[in-house]
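Okay, structure first, notes after.
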Amino acid sequence: MKVLVVRLEGPFQAWSAQGKLVIRDTEREPTKSGVIGLLGAALGMDRTDDVTLSALASLKMGVRVDRAGTLLRDYHTAGGGTFRGEKRYFVHDTEDCVPSERYYLQGASFVAALAGDDALVLRIAGALESPHYALFLGRRSCPPSVPVLMNVVEGTIREALANAALADDADDGPYR
């Protein structure tokens with residue numbers, strides 16, 4: 001079985017599992033839905049493409065933590081001012097400022113391995129070499145700092161994760 005191995009590393013990452021309007025959380029490791037979104041962007045997948053989404057969702061995924069990173073809380077406000085000549089800039093049908101808290105992982109590095117249909121894995125690998133849309137690590141404000149595609153290998157997800165190169169400055173840990 002072919003296994004796609006990707007590096008998910010950047011200054012910031014945000015892998016939300018249940019982000020709300022005011023509080024946008026992040027998990028401590030990449031979520032499958034977030035990684036599928038990244039792969040869909042590489043493929044140029046339309047949001048209404050249920051066939052490709054179903055194929056991507058069928059992939060099995062494992063994650064290795066090379067560097068856990070630290071949690072960052074960022075305070076945002078939107079609305080409550082002027083915008084493009086309009087007296088008030090409205091957000092969510094209110095004239096008031098709408099505050100939100102957004103959480104990010106900073107300085108984290110992960111390796112994800114995805115296995116499934118060989119043709120699909122090879123198609124995704126090709127797309128990651130030349131992505132259709134820009135790639136992000138969970139949110140648009142979180143671009144990767146290294147190439148995402150590491151390689152495609154034969155074997156199992158566990159073997160692929162165990163044999164993947166460590167991040168250049170990974171902490172000593174169980175995968176050393």
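Dipole check for the chain: with +1 at the C-beta of Lys and Arg, -1 at the C-beta of Asp and Glu, and the Cα centre as origin, the magnitude is about 220 Debye. Protein heavy-atom accessible surface, 1.4 Å probe, per residue over the chain: 57 Å². How large, in percent, is the carbon and sulfur part of the accessible surface of the chain at a probe radius of 1.4 Å? Roughly 51 percent, rounded to a whole number. Cα centroid distance between segment 101-135 and segment 29-58, in Å? Value for the Cα centre distance between the two parts: 9 Å.
For the chain, what is the calculated [θ] at 222 nm in deg cm²/dmol (nearest 500), taking -39500 (n - 2.57) for each run of four or more DSSP H residues and dividing by its residue count?
On the way: 4 runs with 39 residues, N = 176.
So the calculated ellipticity at 222 nm is -6500 deg cm²/dmol.
Screening the chain for whole DSSP H helices of 15 Å or more along their axis (Cα) with average Kyte-Doolittle hydropathy at least -0.5 returns 32-43, 118-129. Measuring r between the beta carbons of Cys97 and Asp118 and using R0 = 35 Å, the FRET efficiency lands at 0.10. Legend: calculated FRET efficiency, Ala57 to Glu27, from the Cβ-Cβ distance at R0 = 25 Å, rounded to 0.05, equals 0.90.
What does the charge count around Leu135 come to, taking other residues whose C-beta lies under 13 Å from its C-beta (Lys +1, Arg +1, Asp -1, Glu -1)? Show your work: numbers first, answer last.
Working: positive: Arg7, Arg139, Arg140; negative: Glu9, Glu129.
Result for the local shell: +1.
The values are calculated or read from the model by the stated rules, or taken from the named source; none is laboratory data. As the structure is a prediction and not an experimental result, all values here were calculated from the model. All Cβ positions, even for glycine, are placed from backbone atoms using ideal geometry, and neighbour counts span all protein chains on display. For accessibility, only protein heavy atoms count, side chains too; no ligands or nucleic acids. Shrake-Rupley method; radii C 1.70, N 1.55, O 1.52, S 1.80 Å.
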